[in-house]
Every structure is written in structure tokens, then in C-alpha cells.
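Chemist: One structure coming up, written as C-alpha cells, with questions to follow.
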Amino acid sequence: VDLQALATFAGVATRGGRSARLDQVVRAGLGVRGPLCDPATGASATCAEDAVDRFALFAASFLDWDEGETVEAVAVARGVLAECRKDIGDGVEEPGAGLVAAASVSRWCARHAPHLAEQWAAVARRRLLDAEAPLVKPPRATEDGLLSDASVRLALSLAAGDVFGGAAVAPLYASGRDGLSLERLMHQVLGWAGPTVLICRSGGDVFAALADAPWRDQFAPFGSSGCLVLALSPTFAVGRPRRGPGSNQAYLSLNTKGSAAKRKGLSIGDGPPAIHVPQDLGDAKLALGSSLTFEHVALAPTAPRDDAGLVDVDVLEVWAVGDAAGLEAASQGRATARTTRAKFIQKSRQVDKAKFLASDFDKEMLLGKTFATGADGARR
């Protein structure tokens, strides 16, 4: 054993920078010996296409799954392979027939699965330094639904491990339970003081959006750079916020009461939205587009569109994300928001009759019978 090489490997794996650790993941997962790129020519190392399937399963093995839980990584493998083939089509890489470039896989990791670096570090610490060191756990679903699927939870862990690693996910709204209604969805979600995931199934396609801020019913956008759009099945891909000229920061907006000139419903992204849930959700359709806010990914590549370009909604759910304490605190935030809204509605329905007494015109025209006296009252 080359002890110096082992020490270097352990140092990078447990304490190295994210890029260096991702390179280790790619080399180990694809079975590449030596550097990913030839230092003299810059040419990428290559491997057979079927190595991508092994790489996806290798990445899934970093997470601490429950005993007996079956995890499929097919959507992840399809996402990696699609990136490799795109690089070939764009002339970025020329690995040869039936081969993929390891550099393409490395770039895919950096964009779609950056938290593999931390998950790999946890595995390396356990294997090389401390057998009791904890691994990163995938999110745990508290009930059945779209997020209880292990392949979906794998994709979320890869895309945003800082949000989903070790977290619980609990359903706030489910169309199968609550009906397809934006009003009902809002009642369940508005005021929830924590991150949420909106997830939809249309035919065989599953896609989602991560909201990193509480929902607000106002046209002004909310959310920040932690928001994402995700294709989860049949192919995994992540659309992160765009940067640079032409992009915007309208991550999320919810508008049900504003001007008719402004788009109604829930918009995720803008110019046009990547996902738009209309106010009339009872039609069981929503719109998908190429947004100026998020990188473009094909959210529902196989779902049929109607003449207006809308896709059917078979299942729509919103899930809360957090640890037990975070979910409890977020629930209290929703309860407080509901109480505040109820008081506002009640107050808006009350009439302050004292204000009418300040005006003789109001007393005469609106409360004439109440203030009628004497002969004038008798005539009435």
C-alpha cells in the first residue's frame, strides 16, 4: 500500500475542497484510474456508457437508507447520460462510440448533485477514520405520497443536501385528500414558516419546485437563491437560479386578489414561469415554460400538452421540510398567520356605526329611521 497516496486520498476525501472531492467520487464511481483529464493534452478520461448506471448506484450508496429500503437510481443515471450526450452533441467532448467522458460526469455533479461532496466525506470518515461516524440520511417521509418514493428522496438529497439531509418531509396539501383547489392549497400552506416542496405528477413525469421562504399571497415575488425547479422522473435534472444579464429574481409569486392585469395563481419563476399553477386549478391543468429565473430543464418531457400547451395534473402535493423542532415551529407560524387573517376578515366585516353619527347626511340618508323624532318621525 502506498501510504503517502492513501494519506493524500483520505485528506482530500474528508477535508478537501468540494471540487476535489467530487473528482474523487467520479473517478471511484466510474472506475477511472488516474486523473480525470490528461494534464498534457486536456483530454478527458473515458469509460463505457454502462458505467453511468454503476456511478448512479454508487452515489445513492452514500446515504444512510433504512434497512430493507429499496432504492432505484435509474432517473439519476438517465440525467448523467443525457449530460454526457449533450456534451458530445455540442462538440465539448469526443470520447468515441459507446463511451462517455468522465469530465462530463464531473460537470454534471457540480451542477446537479454538488452535495455528493459532503455525502462522500461522511462515507470516507466512517471508512478511514471513525467507524462510528454518522452518514447523511435521506429525507424521511412521515406519510405516503409522492415524496415517500425512495428515488424521489434520492434526487432531492443530491440536488439540495443542505436542505433535505436528515430532514423529515410532511405533507401539507395533497390533491387526493384535499381536492384540486388552489384555495384549499393556500389554506394549508400560507403562513407555513419553513421550506416547502411543491411536487406534481403528470402521466409518467414527476417534477417539483423547492421554495425556501414562506408563501405570501401578493403579486410581489418572494423567495431567494435557494429556490429550485427539479425534474425527478423519468430523468433527474435541476434548474438552479440563473445568473447574469437577462435573468431575474422573481423566484416565486402568488397572486389571487390583485389586478386582473397581473397573472393570477402561483408562478414559479418568471418571463414566463417555469411552473404556473392557475387560480382555476379545478381544470386539473398547469403550464410549464422556459423561465428567465431558473436554468431550463425539461420538467415533463413525456407528458402530452393540450392545444394551449398545458399539461394534466394527476397528483399535486405540497410538503414541508425540516427537523422535528423546525416543523413544529413552522406549524406554529401557520397557526399564527391563520389567526391574524381571521381577525382581519372579522374586522373588515364589522361596521363602525359611530362613524355615521359624525355626519348629518349619513344620519339622514343611511340611518334616517333611527334618528327620526317628533312630527318628522310621525310622518315617516
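The values are calculated or read from the model by the stated rules, or taken from the named source; none is laboratory data. The shown structure was predicted, so the numbers you read here are calculated from the model rather than taken from an experiment. Here Cβ is always computed from backbone atoms with ideal geometry, including for glycine, and neighbour counts include all displayed protein chains. To get the accessible areas, we keep the full protein, side chains included, count just its heavy atoms, and leave off ligands, DNA and RNA. Shrake-Rupley method; radii C 1.70, N 1.55, O 1.52, S 1.80 Å.
Chemist: Could you tell me what fraction of 2.2 N^0.38 Å the Cα radius of gyration of the chain comes to, as a two-decimal ratio? All intermediate terms of the calculation are to be shown ahead of the outcome.
Modeler: Numbers: Rg = 27.2 Å, N = 380, 2.2 N^0.38 = 21.0 Å.
The value comes to 1.29.
Chemist: Could I ask something else about it? Angle check, please: helix 18-30 long axis (alpha carbons) against the longest principal axis of the chain (alpha carbons), in degrees 0 to 90, nearest 10.
Modeler: Between helix and principal axis, roughly 60 degrees.
Chemist: Considering all projection directions equally, how large on average is the shadow of the alpha-carbon convex hull of segment 25-91, in square nanometres? Display every interim value, and only then the final one.
Modeler: Numbers: hull surface 21.5 nm².
Averaged projected hull area, Cα only: 5.4 nm².
Chemist: What's the percent breakdown of Cα-Cα distances in segment 131-278 across 10 Å bins, shortest bin first?
Modeler: In order of increasing distance, the bins hold 10, 39, 37, 11, 2, 0, 0 percent.
Chemist: Name the most mobile residue of PRO35, PRO114, PRO278, meaning the one with the largest mean-square fluctuation, in a Gaussian network model of the chain with Cα contacts below 10 Å.
Modeler: Result for the chain, Cα springs under 10 Å: PRO35 fluctuates most.
Chemist: Using only the Cα atoms, work out Rg/Rh for segment 1-153, with Rh taken as the Kirkwood radius, to two decimals. Don't jump to the answer; show the numbers that get you there.
Modeler: Numbers: Rg = 16.4 Å, Rh = 16.5 Å.
The Rg/Rh ratio comes out at 0.99.
Chemist: Moving on. Which of the peptides 328-336, 119-127 is most tightly packed, and how do the rest follow, going by the mean number of other Cβ atoms within 10 Å of each residue? All intermediate terms of the calculation are to be shown ahead of the outcome.
Modeler: Working: 328-336: 15.2, 119-127: 19.8.
By packing density, highest mean first, the sequence is 119-127, 328-336.
Chemist: Follow-up. Output the relative contact order of segment 170-267, whole-number percent, from Cα pairs under 8 angstrom with separation of 6+ residues.
Modeler: On the way: 160 pairs, mean separation 19.9, N = 98.
Relative contact order comes out at 20 percent.
Chemist: Give the Rg/Rh ratio for segment 209-303, taking Rg as the radius of gyration of the Cα atoms and Rh as the Kirkwood radius, to two decimals.
Modeler: Details: Rg = 13.0 Å, Rh = 13.5 Å.
With Rg and the Kirkwood Rh in hand, the quotient comes to 0.96.
Chemist: Using a 1.4 Å probe on the protein chains only, how many percent of the accessible area of the chain belongs to carbon and sulfur? Mind showing how you got there, number by number?
Modeler: Details: 9940 of 18890 Å².
Exposed carbon and sulfur together represent 53 percent of the surface.
Chemist: Does anyone have the angle between helix 324-349 and the longest principal axis of the chain? Alpha-carbon axes, 0 to 90°, nearest 10?
Modeler: The angle comes out at about 20 degrees.
Chemist: I'd like the orientation of helix 74-89 relative to the chain: the angle between its Cα long axis and the longest Cα principal axis, in ° from 0 to 90, rounded to 10.
Modeler: Relative to the chain, helix 74-89 is tipped by roughly 70 degrees.
Chemist: Which value, in Å², gives the accessible area per residue of the chain when a 1.4 Å probe is used on the protein heavy atoms? Intermediate results must be reported in sequence, preceding the final value.
Modeler: Numbers: 18890 Å² over 380 residues.
Counting only protein heavy atoms, the per-residue value for the chain is 50 Å².
Chemist: So, one more: Using Cα positions and a limit of under 18 Å, work out the aspartates and glutamates in reach of LYS285, with same-chain residues fewer than 8 apart set aside.
Modeler: In chain and number order, the partners are ASP178, GLU183, ASP205, ASP306, ASP307, ASP312, ASP314, GLU317.
Chemist: Could you pull out every one of the aspartates and glutamates with an alpha carbon less than 19 Å from that of LYS137, ignoring same-chain neighbours closer than 8 positions?
Modeler: Of all the aspartates and glutamates, those that pass the test against LYS137 - Cα under 19 Å, at least 8 places apart if same chain - are ASP64, ASP66, GLU67, GLU69, GLU72, GLU118, ASP149, ASP162, ASP323.
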